[in-house]
Amino acid sequence: MFDRSRSSGGGRETLRRSNGKGGGQETTAAVWAAVSGMTVGEAWLRRDEPKSPELLARYDGAVAQLERGVPFAYAVGSAGFRALDLKIDRRALIPRPETEGLVELVLARCSGGLVADIGTGSGCIALALAVEGQFARVVAVERSADAAALARENVKRVSPKTPVEIREGDLLAPLADRADRYRAIVSNPPYLTPREYAELERSVAEFEPREALVSGSDGLEATRAIFAGAAALLEPDGLLAIEIDERRADAIHVLGRDYGWNVEIHADLFGCPRYALATPGHGPGANTSEE
């Protein structure tokens, strides 16, 4: 994939076109771009420049991981999410393009006040809201201590203008013992059943954390808990925004209604029902208090 030939005079490593395993020239440039901090175009245009031993070692390590089937983001240690470049490793899920749409919907509807991201993982949603939104503060909740540590590393990496606080705990619990009320609560919770998890492709099942993917026998355990408790934490007319599994869009619409929410289901860029946006109604679980 990377022909490490040396020029006779300068001892320079050279990026060269390859037809080897892993995607050839395009993959070569993409890997080098990721480990060197360049764009893909820059990596290819500067392929003949001298390479430091440290970067060459990082490149070779990424290539070796890719050849073992490790997902690209884990192999190179980073992933893009909207305008962000985040550190990514096996402590958290790799951010997906579909989740960027959830952020877009929240930004279009909310500004000011506090916003919470439940199950933050790498911190991608929380940091995107902090960088692009006009919020006073973002609280990011994560039950995995390892993932929370990664999120904190990404907060330092991004240094957003809006403060981002990482709290450890399960779902809404780290929010419930305080008087704060939130303009929006956002979540990309686990939403697969054990059977669906068993059918995932190897690149996901073998490398990404199971606890961030599976949510009870029906895939709705986390979503159910969020519907049950979020209304009491929102400002009046606050927004609850959840990424969902397209196969359970109808069930989630009914579930939200049963907990007293007004629920809208929105499609992603591929036309699949992917997002549930909800506001408190006047049924069970609704927030009817006045402030």
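Quick note: the coordinates plus some simple rules give every number you see, no bench work behind them. No experiment lies behind these values; they were computed from the predicted model shown. A quick note on method: Cβ atoms are made from the backbone with ideal geometry, for glycine too, and the neighbour counts reach across all protein chains shown.
So what is the 222 nm mean residue ellipticity for the chain from helices alone, if each DSSP H run of at least 4 adds -39500 (n - 2.57) and you divide by all residues, rounding to the nearest 500 deg cm²/dmol? Before the final figure, lay out each step's value.
Numbers: 12 runs with 106 residues, N = 291.
Result for the chain, helices only: -10000 deg cm²/dmol.
Residue by residue through the stretch 130-139, which ³J(HN,Hα) values in whole Hz follow from phi under the Karplus form 6.51 cos²θ - 1.76 cosθ + 1.60 (θ = phi - 60°), with glycine and proline marked x?
With coefficients 6.51, -1.76 and 1.60, one gets 5, 6, 9, x, 10, 9, 6, 6, 10, 10 Hz.
Per the Cauchy relation, a quarter of the hull surface: what is the mean projected area of the convex hull of the alpha carbons in the stretch 120-204, in nm²?
Values: hull surface 26.9 nm².
Its average projected convex-hull area is 6.7 nm².
Could you run the Karplus curve 6.51 cos²θ - 1.76 cosθ + 1.60 with θ = phi - 60° over the stretch 154-162 and give me ³J(HN,Hα) per residue in whole Hz, x for Gly and Pro?
The phi angles translate into 6, 4, 5, 5, 7, 6, x, 5, 8 Hz.
Could you list the square roots of 5 times each eigenvalue of the Cα gyration tensor of the stretch 188-232, that is, the equivalent ellipsoid semi-axes, sorted largest first and rounded to whole Å? Working shown, then result.
Details: eigenvalues 112, 22, 6 Å².
For the stretch 188-232, the semi-axes come out at 24, 10, 6 Å.
Averaging the inverse of every distinct alpha carbon separation and then flipping it gives the Kirkwood radius. What is it for the chain, in angstrom units? All intermediate terms of the calculation are to be shown ahead of the outcome.
Working: mean 1/r = 0.0488 Å⁻¹.
For the chain, inverting the mean 1/r across all distinct Cα pairs yields 20.5 Å.
What is the Cα radius of gyration of the stretch 81-174 over 2.2 N^0.38 Å, N being its residue count?
Dividing the Cα Rg of the stretch 81-174 by 2.2 N^0.38 Å gives 0.96.
Can you pull the Kirkwood radius for the stretch 56-102, inverse mean 1/r over Cα pairs, to one decimal in Å? Don't skip to the end; give the middle numbers.
On the way: mean 1/r = 0.0879 Å⁻¹.
Taking the inverse mean of 1/r over all distinct Cα pairs, the stretch 56-102 comes out at 11.4 Å.
Taking the chain, how many lysine pairs are there with alpha carbons less than 23 Å apart, if each pair must be eight or more places apart or span two chains? Show your work: numbers first, answer last.
Values: LYS21/LYS51; LYS51/LYS87; LYS87/LYS156; LYS87/LYS161.
Counting lysine pairs in the chain gives 4.
For the stretch 146-291, what is one quarter of the convex hull surface built on the Cα atoms, given in nm²?
Details: hull surface 41.0 nm².
Mean shadow area of the hull around the Cα atoms is 10.2 nm².
Report ³J(HN,Hα) in whole Hz for each residue of the stretch 117-129, in order, from the Karplus equation J = 6.51 cos²θ - 1.76 cosθ + 1.60 where θ = phi - 60°; Gly and Pro get x.
My calculation for the stretch 117-129 gives 10, 9, x, 5, x, 6, x, 4, 5, 4, 6, 5, 5 Hz in order.
Please list, in chain and number order, the residues 5+ apart from ALA267 or on another chain whose amide H is under 5 Å from its amide H, with Hs placed from the backbone.
Amide H to amide H, under 5 Å and 5 or more residues apart or across chains, ALA267 pairs with ARG274.
To the nearest 0.05, how large is the calculated FRET efficiency for HIS266 and GLU54 if R₀ is 41 Å and r is the Cβ-Cβ distance?
On the way: r = 45 Å, r/R0 = 1.09.
The formula returns an efficiency of 0.35 here.
Taking the alpha-carbon centroid of each part, what is the distance from the stretch 196-260 to the stretch 123-161 in angstrom?
Distance between centres, Cα-based: 20 Å.
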